[in-house]
Amino acid sequence: MKLLFLGVGGWISKPRLGHTSLAVIQGPSRRVLLIDAGEGVLRALYEHGLRVKDLAGIIITHLHGDHVLGLPSIVMFAKHYEEVRGLRVYAPIEVVGELCTLMRITGVDYEGTVDLKGVSSGDVVHLDELEVQFIRALHTVPALSLKVSSGGVCFAYSGDTTYNPLLVDSARGCSALVHEASGYDEKARVHGHSTVQDAVRVALESGVRKLVLVHYYLDIPQIKPILFGDLEVILAYQGYELDLEH
């Protein structure tokens, strides 16, 4: 299982960081689970040799624009260019109606092309070789975190959230945690986000070996990994790849 970071910024990050979006590439089949779909995600997929037809499914963690505004373009390509039908899209059950509205007001006829399903905390879905468990996130709108497993390997993804003990529990036993890090100022928590310190805390308490920070606001392409004891902290950049092993 390989993680490919298509974008690593938040809604008001520097544009060259892109919006946080993660492609999970499955073994020899090269089938892809796309997690979140901000603006520009379709172009990012193509730049890395991936196509909409490669997608086993899409997960939208919540309704904020930096996580959903690329979805209409993906659906348009699925329908009119790549002739994909029944593309599975999962989102918090509370926002399914709004996602349908988003596609309608942007002129996308998604009927037959998209199989849109609402999910809740505790639900588990299977997408080809992957098992995805949904965890309630603590954000300003209904939102989900994820645990993705395949062949005895797993990673956790925070989505947008403040510090969440549920995520700590879910990440235990995983080799990596991808966690948002909206700066060092505690004001981030007022807006339903985590600080860098919060992300490190979740990683240390869950015992993961690698912490990958995303959804940040720095205008730098990458920094060298930092070690906190046995924990490796990585600041992801667009195009960064991480191979997950036992």
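Just so you know, all these numbers are worked out from the coordinates, no wet-lab data involved. Keep in mind that this is a model prediction, so the values were computed, not measured. Backbone-built Cβ (ideal geometry, glycine too); neighbour counts: all protein chains shown.
The reciprocal of the average 1/r between distinct C-alpha atoms defines the Kirkwood hydrodynamic radius, which for the chain equals 17.7 Å. Between TYR217 and GLU232, residue separation times 0.36 nm minus the direct Cα-Cα distance comes to 3.4 nm. For the chain, the longest principal axis of the C-alpha atoms and the axis of helix 71-80 are separated by about 40°.
Projected label points at ARG104 and TYR46, each 7 Å from Cα along the beta carbon direction, are separated by 2.9 nanometres. Give the residues of region 82-108 whose amide nitrogen is closer than 16 Å to a point set 7 Å from the Cα of VAL125 in the direction of its Cβ. What the label zone holds, given the 16 Å backbone N cut-off, is 85-100.
Given LYS53/LYS210; LYS79/LYS147; LYS53/LYS147; LYS79/LYS117, which pairs have Cα atoms separated by over 26 Å? Pairs exceeding 26 Å: LYS53/LYS210; LYS79/LYS147. Computed from the Cβ-Cβ distance with R0 of 30 Å, the FRET efficiency linking VAL190 to ARG85 stands at 0.10. DSSP finds beta bridges in region 1-86, and of those with both partners inside it, around 65 percent are antiparallel. Here region 32-126 is treated with +1 on each Lys and Arg Cβ and -1 on each Asp and Glu Cβ, and its dipole about the Cα centre works out to around 220 debye. Between helix 196-206 and the chain there is an angle of about 80 degrees, using the helix long axis and the longest principal axis of the Cα atoms.
For the chain, the longest principal axis of the alpha carbon atoms and the long axis of helix 96-105 meet at an angle near 60°.
Our summary gives region 2-240 a relative contact order of 16 percent, counting only alpha carbon pairs under 8 angstrom and 6 or more residues apart.
Taking 4.7 Å between C-beta atoms as the pairing limit, the chain has these partnerless cysteines: CYS100. Basic side chains Lys and Arg get +1 at the Cβ, acidic Asp and Glu get -1 at the Cβ, and with that the dipole of region 113-191 about its Cα centre reaches some 220 debye.
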